[in-house]
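The values are calculated or read from the model by the stated rules, or taken from the named source; none is laboratory data. Keep in mind it's a predicted model, so treat the numbers as computed, not measured. No Cβ is skipped: glycine too gets one built from the backbone with ideal geometry, and neighbour counts run over all protein chains shown. What goes into the accessible areas is simple: the full protein's heavy atoms, side chains included, and nothing from ligands, DNA or RNA. Shrake-Rupley method; radii C 1.70, N 1.55, O 1.52, S 1.80 Å.
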Amino acid sequence: MKGILESTSHGLYCVPGDFHIDPHLPVKRAVVTHAHSDHARWGCDRYLATQSCEALLRLRMSPDAEFRFLPYGETLTVNGVRISFHPAGHILGSAQIRLEYGGHVVLITGDYKLGSDPTCTSWEPIRCHSMISESTFGLPIYR
Ligand SMILES: [Zn+2]
């Protein structure tokens, strides 16, 4: 991943951006793919998610947390890392997270669904150099 991402005890960490993605434990800055409890955890200081995730995330998280929400496809640059959200087709507000740094593009899928679902925006293919795919059912307990 060319030094963009590291696996830490708190979850996936973006080194140059100084933020975590769907952290397992409370962190200062969490970029979350969607509002399900195994991706958006209580106790972080700041959350960044999609605009359409706002109502669910505000219901679930502490009112003391800081929130920022982006529409799909809009870019926010944090410490030189360009962050954007793209539809994942999983639940309302679910997103794939696209990170671009130093000309390298990484995509973190979060939970995603390729089939049509009237409750959320359909999954969208995103060009990238590296992709980290969610694979809940790849766990050994499901064999
Ligand atoms: Zn989910």
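For the range 14-41, enumerate the residues that are away from the ligand (no atom under 16 Å from the Cβ) and over 16 Å from THR77 (Cα atoms).
LEU25, PRO26, VAL27, LYS28
So how many residues does the range 1-18 have that are in contact (Cβ under 8 Å) with a residue 60 or more places away in the chain and not acidic (Asp, Glu)?
So the answer is 8.
Return a yes/no flag: does the range 77-100 have any residue that is among the polar types (S, T, N, Q) and over 18 Å from HIS39 (Cα atoms).
Yes, the range 77-100 has at least one match.
Do any strands (runs of 3 or more DSSP E) lying entirely in the range 1-100 carry at least 2 residues that are open to solvent by 30 Å² or more (accessible area, probe 1.4 Å), and which ones are they?
5-8, 11-14, 66-70, 75-78
Restricting the range 104-132 to residues that are small (Gly, Ala, Ser) and modelled with pLDDT of 95 or more, which is nearest to ALA30 (Cα to Cα)?
GLY110
ASP45 versus (1) in contact with a His (Cβ under 9 Å, 6 or more places away or on another chain); (2) modelled with pLDDT of 95 or more: which is the lone unmet condition?
Here ASP45 meets the rest and fails (1).
Among (1) under 17 Å from ALA40 (Cα atoms); (2) more than 11 Å from the chain's Cα centre (by Cα), where does SER116 come up short?
(1)
Sort out which residues of the range 101-120 are outside any strand (DSSP E or B), more than 16 Å from the ligand (Cβ to nearest atom) and open to solvent by 60 Å² or more (accessible area, probe 1.4 Å), and write them in order of number.
GLY102, SER116, PRO118
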